[in-house]
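Comments concern the structure below.
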């Protein structure tokens, strides 16, 4: 009974890995859009602040100051949204860590260790992809955390550009090796667990 329960959980983990990859991609994508919005507003503020030095008329100064305050208020939404996206990425990362711990535990059972979840997917292969994703998501999440924690302190166009690029690039959770491994796993899962292609977004170099 315990062995069968472990096998069932492994199958569920495989499906969840695919779902988590889709969730990660979703929040990276909408985060990129939100960062673009943040960049536009923050650059406008910098431009207004620079122009203040050339304004001597008191009425114009007050009007410019009001506009700057209004723009700063508009930054509250993208900053709050990015914090939400970061938290969702953390949940994916932590979920992958949980799956990894469970799979390592299953490997202690000789029967489960040799179990073929699908004709082309074995328990050791699940362990391998989880270890890979854990290391990649850990590294990528640290970059994304740096981006979000820096949003309220940026003071130059260069800093804004660096943060936008750091969120969008995904140097750790993307690239040829990442895409190949995740795509191969997804195909292996489809071979015996999911009855039809699962409508999740697998990261591709073109889309990310």
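Here each label is just a point 7 Å from Cα along the line to Cβ, and for residue 4 and residue 32 those points are 4.6 nm apart.
To the nearest ten degrees, helix 58-74 and the longest principal axis of the Cα atoms of the chain are 10 degrees apart.
Computing percent of Cα pairs over 33 Å apart directly from the structure and comparing it against [x] 24; [y] 18; [z] 32 singles out [z].
Helix 123-150 axis versus longest C-alpha principal axis of the chain: approximately 10°, rounded to the nearest ten. Can you give me the relative contact order of the chain as a percent, contacts being Cα pairs under 8 Å and 6 or more apart? Across the chain, relative contact order equals 32 percent.
Could you work out the Rg to Rh ratio of segment 75-160, with Rh taken as the Kirkwood radius (inverse of the mean 1/r over all Cα pairs)? Could the numbers behind the result be given before it?
Working: Rg = 18.5 Å, Rh = 15.3 Å.
So for segment 75-160, dividing Rg by the Kirkwood Rh gives 1.21.
Axis angle, to the nearest 10 degrees, between helix 157-169 and the longest C-alpha principal axis of the chain: 20 degrees. Any chance you could tell me what percent of the C-alpha pair distances in segment 1-115 go past 24 Å? Tail of the P(r) past 24 Å holds 55 percent of the pairs.
Using Cβ contacts closer than 10 Å as the measure, can you line up 90, 42, 69 from fewest to most? Walk me through the intermediate numbers first.
On the way: 90 14, 42 25, 69 11.
Fewest-to-most Cβ neighbours within 10 Å comes out as 69, 90, 42.
None of the figures in this text is laboratory data; all of them are computed from the coordinates on show. Since the model is a prediction, treat every value here as computed from it, not as a measurement. Note: ideal-geometry Cβ built from the backbone for every residue, glycine included; neighbour counts use all protein chains shown.
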